[in-house]
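Values in this text are rule-based calculations from the coordinates and carry no lab data. Since this is a predicted model, take the numbers as computed values, not measurements. FYI the Cβ positions are ideal-geometry reconstructions off the backbone, even for glycines, and counts take in every protein chain you see.
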Number of protein chains: 2
Amino acid sequence: MGLPPRTVERLIKYRRLLESYKEAESMFIFSHQLAHMLNLTPVQVRRDLMLIGLSGNHRKGYKVTSLLKLIDKLIDHEDGFNVAVVGLGNLGSAVLRFIQRSNSQMKVVAAFDIDQTKINDASHGIPCYNVSKISYFIQKMKIDIIILTSSSVTAQEVANEVISAGVTGIMNFTSAHLDVPDRIYLKNYDIITSLEEIGYFIKNPLQGKS
Amino acid sequence: MGLPPRTVERLIKYRRLLESYKEAESMFIFSHQLAHMLNLTPVQVRRDLMLIGLSGNHRKGYKVTSLLKLIDKLIDHEDGFNVAVVGLGNLGSAVLRFIQRSNSQMKVVAAFDIDQTKINDASHGIPCYNVSKISYFIQKMKIDIIILTSSSVTAQEVANEVISAGVTGIMNFTSAHLDVPDRIYLKNYDIITSLEEIGYFIKNPLQGKS
DNA sequence: TAGATTGTTAATCGATTAACAATC
DNA sequence: TAGATTGTTAATCGATTAACAATC
């Protein structure tokens, strides 16, 4: 279909919000209600819903269950997504646990590290393999998305390897700039860079948001 | 001065990259070299440098030390930024350690939690206070930026409190949508939402990047 | 001078917002 | 019908890119 990235972002937010309201709230919702809850404009909401082909009722607004069903169909994958974490340090293992606790379609199926003590660590309920065997396990376990929390030094190397093994989605927590082909979806998630950005904008207010 | 957000992002990347090259590389760098290393276009680089008022040499390019000095002046705060983490769970404590290990201007000066066992935990080398006293400590310790890794349920409440205590920068790791005044710089860093976004784009390729 | 680069304006592109017709 | 809402096109805004003059 080809939805704009910002629309995809918002659809995910609509879903998260409405899932918790699903039972309690009325079955229908107006664009301005949804907009108000997420600090958006009603037009933005209507445009997004138009783009995914959902039509509302002029009297009652949009049917919540139809909206949720449609978003699920667009965003979710039938068998969920298989995720692996590379680098089982503090951050890697925290992110791993965080995903496991969430009730999303994201399944962490493996971790990788170079440290032998971590490789034997099964405390997360999933196996941790030696990163040298990453290509093999990506194919065997049909891993879709890699979360990089390894050292910045090896990040590009790991990225190259997982890409040639078939991974097309990477979430990069390292501060390394990764050079990847266009077809790969790369999300940079560098905490320090983001904090420095916040630093600039609190020093020089009146500017853009996240 | 008022730099565009994207320019600020890139300036931070230029700095990170050049800091490691500072000694080894020649003192001057061409826009196309910098661009190539970060998958940007030379024009983008030149435009950014123009915006910060750095002029280059037609023969040699830009002087690396001048560039770094200028970026430092724009991005850094004279005394660094004081950061506090709210919620010392796995994620909070991992993020805390991650920042401590980085060599940035960001100083984590305190943590906050509701759990009494964590409040006594000094294993991070910084005090952890009861979140009920957060306003007091924000003012006392001159905290500039709050990192929210607490439960989504209390996130808005905590945000309101830290904002009225004077904080103007928030990095939100929770999945809660936060409603904050315009003058507050809010960076949403919700891992699950981002993974779901990656999921959509690897299912439907040919689209936007991070 | 010829060639490579910087510096900057104009055109383009994507996303948001304004405006408003259509509908219940 | 009057009023509120949806649906959609046109205008605007911010950021990138194309184009090119100026310079060493």
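A compact table of results
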item: Globularity index of the stretch B:34-111, i.e. its alpha-carbon radius of gyration over 2.2 N^0.38 Å; result: 1.52
item: Exam field: A:HIS32 pseudo-label spacings to other copies (7 Å along Cα-Cβ), nanometres; result: 5.6
item: Longest DSSP-loop-exposure-free segment, GluC sites (Glu not before Pro), chain B, at most 16 other Cβ within 10 Å; result: B:79-210
item: Gained length - B:GLU19 relative to B:TYR136, 0.36 nm times residue gap less alpha-carbon distance; result: 38.4 nm
item: Among B:SER152, B:SER102, B:SER93, residue whose mean-square fluctuation peaks in a GNM of chain B (springs only between Cα atoms under 10 Å); result: B:SER102
item: Intensity falloff of the stretch B:115-210 expressed as log10 I(q)/I(0), Debye formula with alpha-carbon point scatterers, at q = 0.10, 0.14, 0.21 Å⁻¹; result: -0.36, -0.63, -1.09
item: The protein assembly as shown: calculated mean residue ellipticity at 222 nm from DSSP helix runs of at least 4, using -39500 (n - 2.57); result: -13500 deg cm²/dmol
item: Counting DSSP beta bridges with both ends in the protein assembly as shown, the antiparallel % (nearest 5); result: 10 percent
item: Calculated FRET value between A:ALA165 and A:LYS73, using beta carbons and R₀ = 25 Å, to 0.05; result: 0.30
item: Tilt relative to chain B, helix B:90-101 - C-alpha long axis, 0 to 90 degrees, to 10; result: 40 degrees
item: Exercise: per-residue mean of other protein chain Cβ atoms within 10 Å, A:4-12; result: 4
item: Choice from B:VAL131, B:VAL153, B:VAL86 showing the highest fluctuation, given a GNM over chain B with Cα pairs closer than 10 Å; result: B:VAL153
item: Residue and distance (whole Å) for the chain B Cβ nearest the axis that superposes B on A; result: B:ALA94, 2
item: Copy-to-copy label separations for B:ASN103, where each label sits 7 Å from Cα toward Cβ, in nm and ascending; result: 4.7
item: Amide H within-cut-off set for B:PHE28, under 5 Å, with H built and near neighbours excluded; result: B:VAL64
item: Cα long-axis angle, helix B:42-51 against chain B (0 to 90 degrees, to the nearest 10); result: 70 degrees
item: Column: log10 I(q)/I(0), Debye, Cα scatterers of chain A, q = 0.13, 0.18 Å⁻¹; result: -0.88, -1.22
item: GNM flexibility winner over chain B from B:LEU17, B:LEU186, B:LEU67 (Cα, springs under 10 Å); result: B:LEU17
item: Of the trypsin sites (Lys or Arg not before Pro) in the stretch B:102-210, those whose Cβ has at most 14 other Cβ within 10 Å and which sit in DSSP loop; result: B:LYS142, B:ARG183, B:LYS209
item: On Cα atoms only, tilt of A:152-164 relative to the major axis of chain A in degrees; result: 80 degrees
item: Candidate lysines for bridging to B:LYS63, where Cα separation is under 21 Å - those fewer than 8 sequence places away on the same chain excluded; result: B:LYS13, B:LYS22, B:LYS73
item: Zone of A:ARG183's modelled label, taken as backbone nitrogen in the stretch B:178-206 under 17 Å from a point 7 Å along Cα→Cβ; result: B:201-206
item: Evaluated over the protein assembly as shown, the Cα radius of gyration and Dmax, each in Å; result: 22.1, 68
item: Farthest positive-ward along the stretch B:97-210 dipole, Cα basis, beta-carbon charges - from B:THR193, B:HIS124, B:ALA111; result: B:HIS124
